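To start, the structure itself, in structure tokens.
The values are calculated or read from the model by the stated rules, or taken from the named source; none is laboratory data. Keep in mind that what you see is a predicted model, and the values were worked out from it rather than measured. Cβ placement follows ideal geometry from the backbone for every residue including glycine, while neighbour counts extend to all protein chains displayed. In case anyone asks, the SASA skips ligands and DNA or RNA and just uses the protein heavy atoms, side chains included. Shrake-Rupley method; radii C 1.70, N 1.55, O 1.52, S 1.80 Å.
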Amino acid sequence: MSTKKSFHILCLITIMLIAIYSLYFIPVEYFIGYYPIGVVQFILVIGSVVTLIRHVRHCISTKNVGIKDSLIMTSYIILILFMGFSLLVWTAFFPW
């Protein structure tokens, strides 16, 4: 996967993550519930991991790892760690 395409997917995943969190700042009349934040985050984590793996495979196959590629991989890892921590918090406060 090219660097440009990987960057666009990273931006899309980040915007979707911000959008799902911003839904919880809407007034109580439009509250969508507790479960969508975790479900969407789980899907986004899987998408991020798959995209990161595809980007790393592309960098290895072309044997060309530049600064842009390193920054994109670092951004993906930070985003995945943040979403993983958020999922742990989400499950810790899960209403059983």
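Of note:
- Screening Met1 against (1) in contact with a Gly (Cβ under 9 Å, 6 or more places away or on another chain); (2) in a loop (DSSP other than H, G, I, E, B); (3) among the hydrophobic types (A, V, I, L, M, F, W, C) leaves a single unmet condition, (1).
- Segment 7-40, residues that are open to solvent by less than 80 Å² (accessible area, probe 1.4 Å), of a type outside the set (A, V, I, L, M) and at pLDDT below 90: Tyr21, Ser22, Tyr24, Pro27, Gly33, Tyr34, Pro36, Gly38
- Boolean, Ser61 is of a type in the set (Gly, Ala, Ser) and farther than 28 Å from Pro95 by Cα: yes
- Whichever residue in segment 67-83 is open to solvent by 30 Å² or more (accessible area, probe 1.4 Å) and in contact (Cβ under 8 Å) with a residue 24 or more places away in the chain and, among such residues, is farthest from Leu12 (Cα to Cα): Lys68
- Qualifying residue in segment 69-92 (condition: in contact with a Ser or Thr (Cβ under 9 Å, 6 or more places away or on another chain) and at pLDDT below 90): yes
- Test: residue in segment 48-65 that is basic (Lys, Arg) and at pLDDT below 90: yes
- Condition check for Ile15: within 10 Å of the chain's Cα centre (by Cα) and in a helix (DSSP H, G or I): yes
- Meets criteria (surrounded by 12 or more Cβ atoms within 10 Å (Cβ to Cβ), part of a loop (DSSP other than H, G, I, E, B) and free of Cβ contacts under 8 Å to residues at least 40 places away in the same chain) for Val56: no
- Restricting segment 55-96 to residues that are of a type in the set (Val, Ile, Thr) and in contact with a helix residue (DSSP H, G or I) (Cβ under 8 Å, 6 or more places away or on another chain), the residue that is farthest from Gly38 (Cα to Cα): Val65
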